Amino acid sequence: MTVPTGGAAQAAPPTISVEGLSHSFTDPQTRKTVHALDDVNLEILPGDFVTVVGPSGCGKTTLLNILAGFIRPSAGKAFVNGRAIERPGADRGVVFQELAILPWRTVYRNIAHGLEIQGVAKPEIDERVNRMTSLVGLEGFEGHYPHQLSGGMRQRVAVARTWVSDPEIILMDEPFAAVDAMTRLTLQEELNDLTVRTGKTVFFITHSVEEAVFLGDRVMALSARPGRIKEEVHVPVPRAERSWERMSHDEALQDTVEHVLSLVRGEAVEPTGQDG
Amino acid sequence: MTTISAASPPIGRTVKKWLLPAVPFAILVALWGLAVLLFDPPVGVLPSPALVFEAPFNSDPYLANVGASVQRLILGFLVAASTGVVVGVAAGLSKPIAEFLGPLTTFMNALSGIAWIPLAVAWFGPGTGMVVFIVWNAAFFLVFGNTMLGVRLVPDVLQNGLLTLGASRMDVIRQVIVPGAMPYIMSGLRSGLGFGWRAVIAAELVGASLGLGAWIFEQQEFSRMDNIMAGALTIGVIGMVMDRWLLAPLERRTIERWGMVGSAS
Ligand SMILES: Nc1ncnc2c1ncn2[C@@H]1O[C@H](COP(=O)(O)OP(=O)(O)OP(=O)(O)O)[C@@H](O)[C@H]1O
Ligand SMILES: [Mg+2]
């Protein structure tokens, strides 16, 4: 039996760690302050897949932006591999909620972009991009511009664009939100396979509790704004053994979904919080 | 024999692209010819279309004048376009630069290009240098202002996306900022070229001995209305040709192809 990630990993330093993180936005005009995150503590070990759920506006994207290095937190610290996060870097690939694909590049050149920047040789770029394109089901569309694609296809370009350059850590912000339900199931299973195989460290934001449980080693349920970690739920079945088929009748998994749902439901309805 | 009026798409497109825009011109020329026939005005007031269309072939320095004007336009426009884009990108990216240049831009825009002509004549003397300066002055602020605006409007997420792929600041500028600002840069170039062309003619009226503007002004002394009108028509035609054959295709290949505008022009 393999050791489940997050278990006896005392030796490995965390890939990402967050200590007492709080963040407020101040509107420069009105001087009004929005308290987005409150005292968040978090450790993500190498190979961990952590999913984050919480009501809209609770600070999920803000947390991701801090990990990516786009914003400095008002208080607390965030580290990647022991170093304080100061700026974005190629070690942390991001799939954005508002897709960051470039309208002036074809599908192929959007996906190849990271490899071009890293100076990878042409034949290798070709091979890796082609593999990625077929993996996300975009064969035949390499020459298309993003405006010629459907919303779901654009989302797949965004995932491929980040994934192809093989970053150590991937931060994903609701990457499958605009994909149709059928494709979503496929992409989720493929993402699961891919991460199990590559052992990548993933931080994954979603609105869907089922998705969070299906994909994550752990699910972080955030409270309504200011977001704080309400509970960290360990998902009982190892990721290598998961499939939607199993999700539908495994009682342990079903119970986990129910439990996370109850955590999130209380928040979405009544932000002041009335549990159970 | 029947003609099918519901034209197949390619014919329909040709009609739309060439015939339809030509109709207003045809009507204008017809009205003009009609007026000459009906009122028989003196040639010094309104020559017939035929006389005007012939004028370029009968007048020796015509081509040299056209050449001089176009050359000045191209020179001034190229300098204005390159400096405008570079300074515009810098100002779009940096608040201090924008704040430094902001009031100056407003001031310069208020001063119409024509007000510069006497100054430019004094500084550069009459001739090409002075005309080029006037063209630059007319086009630069349009290109600069539009570029700066376009740069500011490029979504942050696109820049951030590139940074997470390991890009340098220079990569971001070249691969995100400039193409992202392209719709605005294009519209700046387009109006810059139009205003630049007007500025060439205005500057030449006063400050040059060669060029379409100078030529028209000179013909006035000889009351050669046919040459004056031929010159005016040439100015309009060249302006139109540049827009349709230079900038419109550039627009089609860039921002239209990328889906960043509804297909215009
Ligand atoms: N740049 C900003 N300036 C001011 N306020 C901001 C900014 N970014 C986010 N906020 C505010 O911070 C709060 C958290 O925003 P965030 O985008 O992190 O939410 P979220 O959990 O990702 O929501 P969703 O699920 O809808 O994407 C919101 O109230 C939002 O209005
Ligand atoms: Mg969000």
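The values are calculated or read from the model by the stated rules, or taken from the named source; none is laboratory data. All of these numbers come straight from a predicted model, not from anything done at the bench. Every residue, glycine among them, receives a Cβ derived from its backbone with ideal geometry; neighbour counts consider all protein chains shown. Just the protein is used for accessible areas: all its heavy atoms, side chains included, with ligands, DNA and RNA removed. Shrake-Rupley method; radii C 1.70, N 1.55, O 1.52, S 1.80 Å.
The table that follows gives values for the structure above.
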item: A:Val219 being within 14 Å of another protein chain (Cβ to nearest Cβ), more than 16 Å from ligand 2 (Cβ to nearest atom) and surrounded by 22 or more Cβ atoms within 10 Å (Cβ to Cβ); result: no
item: Of the criteria (1) within 16 Å of the chain's Cα centre (by Cα); (2) away from ligand 2 (no atom under 16 Å from the Cβ); (3) in a helix (DSSP H, G or I); (4) of a type outside the set (Ser, Thr, Tyr), which one A:Ala158 fails; result: (2)
item: Pair list, Cβ under 8 Å, 6 or more apart: region A:56-74 residue under 10 Å from A:Leu37 (Cα atoms) and assigned to a loop (DSSP other than H, G, I, E, B), other residue acidic (Asp, Glu) and more than 9 Å from ligand 2 (Cβ to nearest atom); result: A:Cys58/A:Glu267
item: Out of A:Glu174, A:Glu190, A:Glu211, sole residue that is surrounded by fewer than 17 Cβ atoms within 10 Å (Cβ to Cβ) and either free of Cβ contacts under 8 Å to residues at least 60 places away in the same chain or not small (Gly, Ala, Ser) (or both); result: A:Glu190
item: Residues that are open to solvent by 40 Å² or more (accessible area, probe 1.4 Å), in contact (Cβ under 8 Å) with a residue 40 or more places away in the chain and over 15 Å from the mean Cα position of the chain (by Cα), drawn from region B:141-158; result: B:Leu149, B:Arg152
item: Breaking point among (1) more than 21 Å from A:Leu115 (Cβ to Cβ); (2) within 11 Å of chain A (Cβ to nearest Cβ), for B:Trp136; result: (2)
item: Of all residues in region A:139-155 being more than 26 Å from A:Ala212 (Cβ to Cβ) and in a loop (DSSP other than H, G, I, E, B), the one that is farthest from the other protein chains (Cβ to nearest Cβ); result: A:Glu139
item: Residue that is nearest to ligand 2 (Cβ to nearest atom), among those in region A:70-98 that are surrounded by 19 or more Cβ atoms within 10 Å (Cβ to Cβ), at the interface with chain B (Cβ under 8 Å from one of its Cβ atoms) and farther than 22 Å from A:Ala12 by Cβ; result: A:Phe96
item: Criterion: assigned to a helix (DSSP H, G or I) and farther than 22 Å from A:Ile117 by Cα - qualifying residue of B:Gly161, B:Gly192; result: B:Gly192
item: Residue within region A:18-32 that is within 11 Å of chain B (Cβ to nearest Cβ) and on the phi > 0 side of the Ramachandran plot present; result: no
item: Selection status of B:Leu189, surrounded by 24 or more Cβ atoms within 10 Å (Cβ to Cβ) and more than 14 Å from every other protein chain (Cβ to nearest Cβ); result: yes
